[in-house]
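What follows is a set of notes on a single structure, which appears directly below.
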Amino acid sequence: MFTGIVEEMGEVVGVTPTADDSALVAVRGPLVTSDARHGDSIAVNGVCLTVVDVADGVFTADVMGETLRRSALGALRAGAPVNLERAAALGSRLGGHLVQGHVDGVGEVIAREPAERWETVRFRLPAALSRYVVEKGSITIDGVSLTVAEVGVAEFAVGLIPTTLALTTLGAKGVGDPVNLEVDVLAKYVERLLGTRVAETGGVA
């Protein structure tokens, strides 16, 4: 479990294809590797990956073909910056919201609207996720916990403060760039529970 508060921007050192369309991804991240061990979880652009090796500030992780196909990690190349966060520790502050590190879909930057102190960024929203995204609700974009400012049928917008622009990859994303999206898990649980109740009561919620 994560909180969507990026600890550092790392850099992809290499992507080595392996069997079954999977890949071994190496990422440099001095902070997140300072106490990392084999088997630990680290979110890379919002995708929970398991550390298989760590040395000299670089960790490696096996990434399944399914993950490469269903997230923006498939587009990563050596030199690419990535948002990194270690798994949350029990008893620590929850600065963002509960993030699983399980990407629900891939969005796309469709517009950037600079202002004096912040920037509004608009993203294309996959149709299958639109029912989970609400104004003032939480969403995770490339591992960053953000509040939805506006939502439409096929798009939504967030406001990025200077800190987020400077300390995460979202500050450099251009129009057309893909991003990993994870909707609020609470919305999915509510949907499932209400769906079960409607089925049990014959259509009365």
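The values are calculated or read from the model by the stated rules, or taken from the named source; none is laboratory data. Treat the numbers as computed from the prediction; the structure is a model and nothing was measured. Glycine also receives a Cβ, built like all others from the backbone with ideal geometry; neighbour counts cover every protein chain displayed. Heads up: the accessible areas ignore ligands, DNA and RNA and are worked out on the full protein's heavy atoms, side chains in. Shrake-Rupley method; radii C 1.70, N 1.55, O 1.52, S 1.80 Å.
Criterion applied to Arg77, Arg93, Arg69 was being part of a helix (DSSP H, G or I), open to solvent by 80 Å² or more (accessible area, probe 1.4 Å) and on the phi < 0 side of the Ramachandran plot, and the one residue passing it is Arg69. Taking the listed residues Val134, Val121, Val109, the one that is over 20 Å from Met1 (Cβ atoms), in a loop (DSSP other than H, G, I, E, B) and under 18 Å from the mean Cα position of the chain (by Cα) is Val134, with no other qualifying. Of all residues in segment 1-29, those that are closer than 25 Å to Leu160 by Cα, among the hydrophobic types (A, V, I, L, M, F, W, C) and outside any strand (DSSP E or B) total 3. Only one entry of Ala55, Ala87 meets the criterion of being over 16 Å from the mean Cα position of the chain (by Cα) and of a type outside the set (S, T, N, Q), and that entry is Ala55. Of all the criteria given as (1) open to solvent by 60 Å² or more (accessible area, probe 1.4 Å); (2) over 27 Å from Val133 (Cβ atoms); (3) not basic (Lys, Arg), the one not satisfied by Met64 is (2).
Within segment 127-148, track down each residue that is of a type outside the set (S, T, N, Q) and open to solvent by 40 Å² or more (accessible area, probe 1.4 Å). If the condition is that a residue be of a type outside the set (S, T, N, Q) and open to solvent by 40 Å² or more (accessible area, probe 1.4 Å), then Ala127, Ala128, Arg131, Val134, Glu135, Lys136 are the ones that fit.
Residues in segment 158-174 that are in contact (Cβ under 8 Å) with a residue 40 or more places away in the chain and outside any helix (DSSP H, G or I) were compared, and the one that is nearest to Arg122 (Cα to Cα) is Gly159. Taken over segment 96-113, the criterion of being farther than 14 Å from Asn45 by Cβ, of a type in the set (A, V, I, L, M, F, W, C) and open to solvent by less than 50 Å² (accessible area, probe 1.4 Å) is satisfied by Ile110, Ala111. Scanning segment 102-139 for residues that are under 14 Å from Ala187 (Cα atoms) and of a type in the set (Val, Ile, Thr) gives Val133, Val134, Ile139.
Yes or no, residue by residue, for (1) within 12 Å of Val106 (Cα to Cα); (2) touching a Phe, Trp or Tyr at 6+ places or on another chain (Cβ under 8 Å); (3) among the acidic types (Asp, Glu):
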site	(1), (2), (3)
Glu119	no, no, yes
Arg122	no, yes, no
Ala127	yes, no, no
Ser130	no, no, no
Ile161	no, yes, no
Thr168	no, no, no
Val175	no, no, no
Pro178	yes, no, no
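For beta carbons closer than 7 Å, sequence separation of 6+ or different chains, a first residue in segment 72-87 that is more than 14 Å from His102 (Cα to Cα) and a second that is open to solvent by 20 Å² or more (accessible area, probe 1.4 Å) and assigned to a loop (DSSP other than H, G, I, E, B), the qualifying pairs are Asn83/Val6; Leu84/Val6; Leu84/Glu7; Arg86/Glu7.
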